[in-house]
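Data block below; observations after.
The values are calculated or read from the model by the stated rules, or taken from the named source; none is laboratory data. Source: prediction; values computed, not measured. Glycine also receives a Cβ, built like all others from the backbone with ideal geometry; neighbour counts cover every protein chain displayed. Note: areas computed on protein heavy atoms with side chains; ligands, DNA, RNA excluded. Shrake-Rupley method; radii C 1.70, N 1.55, O 1.52, S 1.80 Å.
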Amino acid sequence: MMTSKQKRIGYTLAVVPLTLSVLAGCASSTTTSSATSSPQASAAATSSTASTAPKTTTTIKVWTLNRHDQDYMQNMVDTFNKSNKDGIKIDYQIYSENYNQSLDIAMSTNEGPDVFFDGGTAYADHLPKGDLLPLDKYLTPEFKQRFGDGAFLDGVNMKDGKTYSIPAIGSTARLFYNKGIFEKAGIAGPPKTMAELTADAKQITDKLKGQGIYGFAMNLKSPGSAFGRSLEFVNMRNGGVYGGYDFKQGKYDFSSYKPTLNAFKDLYSSGAMFPGSTSLDIDPLRTQFAAGKIGMYFGLTHAEPGVYTTQFPTKEDWDVAPIPTIDGTVKGAQQIIVAGRWFLANAHTQHPDEAWKVMNYLYSDELLTGYHEKGLGIVMVPSVISHAKQSDNLKKWPALGFTDTDKVYPPNPTGVQAQGNDSAFVMNAIIQGAQDIDKGIADLNTRYNDAYDKAIAAGKTAKIQYPNFDPMNPGKSASK
């Protein structure tokens, strides 16, 4: 379990939960060798060669929420720190839990990182606040050509003609399950519907809980994180909306979540959940899965394989399957997340040029080729995939790969801050039986649309509506 005390990472990666008092500010230049103060020493310094002059190192702080790639990224950071000729040192820090909360607080006190991962809601949260650095002055035609046509899109990584991020990795959700546990429980294969998932989870729990094995788990300590890799994807595959926003109507409408919420409510009340799921973070959940104590859970394709190779090595025989649907049919495509963005730069950094040099390295063919071939994520950059080898992970777990029902969605409105509890909090209450489903949905519709109208009036966002929106072809529906 994580401690509450934040651990500062110099150049060794570690999990760093939030403790604001030890957050460092935007990176600053530090002198690594100082001039002497005596007249004799000063004269000697004047006549010395350039090699004895003071050298300045600029530290660029980079934040991420990814731990699955920590070994590879640490090695690449070390390589950069040893070999770059610009006097730049990367201070790479991981916040695998409370990432967005930590980032929000650090940015609001001008103590944020120089470069940070787009995970969760970072882009949507910080673009309206003016926290993101436009990158256009650095994006040469040669650099942009590497990413192919359609890589820079308004509403995805651009706004008002300015570019704030660059695509690199694509990821989506899948069901991860333990084949050995399924065999012990007498289950032939992974479920295809949510009703089957609940039945299988209950069968596993009923037969194997004496061995400390349970059918299903969710990281409900952070409902937004839990639902962002599970409930949202089930809802999309059922033809419902993503993030509560109905592109066809041009407003927030959580009504389509009702069948999905009922399915997850049945799952929660079945007694098949791993004990303490309401207080689980994702890494403790993964630890239990690696130990063979959880039958299945929802995870992300870019993260889980690396987790069980380096972070929590396991001998368990696990596999990957598509996200179950409500009735066995796929009525909508599911979102490919982080498809248009990867890293962002802090608009308030004291060293924008050095921050860009770090971003340029993070997006280099060298770094991304290794990332792809090691199976740490599915890289979508043409200059990389044209020569990169297929990863062993895709060979071993083909279901990690994208299918024709994995699509890039148009972006939801930005700058919408609903008063009161957010949608994940309300959905969690519904699933646990603490909130009536119809009243909860009606409340979300009212509060989110009020916030949306205010955001439009304040110029924080624009009205978004695609009358011909097709959930099976979300990107095409939104194209002009």
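Within the stretch 102-125, how many residues are more than 21 Å from GLY415 (Cβ to Cβ) and open to solvent by 10 Å² or more (accessible area, probe 1.4 Å)?
Going through the stretch 102-125 one residue at a time, the tally reaches 1.
Based on this model, can you work out whether HIS348 counts as surrounded by fewer than 19 Cβ atoms within 10 Å (Cβ to Cβ) and within 30 Å of LEU133 (Cα to Cα)? Before the answer, list the steps.
On the way: surrounded by fewer than 19 Cβ atoms within 10 Å (Cβ to Cβ): yes; within 30 Å of LEU133 (Cα to Cα): yes.
So HIS348 fits the description; yes.
Would you pick out the residues in the stretch 259-298 that are assigned to a strand (DSSP E or B) and surrounded by fewer than 23 Cβ atoms within 10 Å (Cβ to Cβ)? Walk me through it before giving the result.
Step one: of the stretch 259-298, the residues assigned to a strand (DSSP E or B) are 273, 294-298.
MET273 - this is the single residue of the stretch 259-298 that is assigned to a strand (DSSP E or B) and surrounded by fewer than 23 Cβ atoms within 10 Å (Cβ to Cβ).
Is there any pair with a first residue in the stretch 429-441 that is in a loop (DSSP other than H, G, I, E, B) and a second that is of a type in the set (Ser, Thr, Tyr) and loosely packed, with under 15 Cβ neighbours inside 10 Å whose Cβ atoms are under 7 Å apart and which are 6 or more apart or on different chains, and what are they?
Cβ pairs passing all conditions: GLY433/SER269.
So, of the residues in the stretch 457-480 that are in contact (Cβ under 8 Å) with a residue 12 or more places away in the chain and not in a loop (DSSP other than H, G, I, E, B), which turns out to be least open to solvent (accessible area, probe 1.4 Å)?
So, considering only residues that are in contact (Cβ under 8 Å) with a residue 12 or more places away in the chain and not in a loop (DSSP other than H, G, I, E, B), the one least open to solvent (accessible area, probe 1.4 Å) is PRO474.
Would the stretch 394-413 turn up any residue that is in a loop (DSSP other than H, G, I, E, B) and among the basic types (Lys, Arg)? Before you say what the answer is, go through the steps one by one.
Keep residues of the stretch 394-413 that are in a loop (DSSP other than H, G, I, E, B), which gives 397, 401-405, 408-413.
Keeping just the survivors that are among the basic types (Lys, Arg) gives none.
The answer is no, given that none of the residues of the stretch 394-413 is in a loop (DSSP other than H, G, I, E, B) and among the basic types (Lys, Arg).
Within the stretch 71-80, which residues are open to solvent by 30 Å² or more (accessible area, probe 1.4 Å) and either β-branched (Val, Ile, Thr) or touching a residue at least 24 places away in the same chain (Cβ under 8 Å) (or both)? It would help to see each step written out before you state the result.
Keep residues of the stretch 71-80 that are open to solvent by 30 Å² or more (accessible area, probe 1.4 Å), which gives 71, 75, 78-79.
Passing the criteria: ASP71, ASP78, THR79.
Considering only the stretch 308-335, state which residues are over 22 Å from ASN66 (Cα atoms), touching an Asp or Glu at 6+ places or on another chain (Cβ under 9 Å) and surrounded by fewer than 17 Cβ atoms within 10 Å (Cβ to Cβ).
Residues satisfying the conditions are ASP317, GLY328.
Exactly one of these conditions fails for SER256: (1) surrounded by fewer than 21 Cβ atoms within 10 Å (Cβ to Cβ); (2) modelled with pLDDT under 95. Give me its number.
(2)
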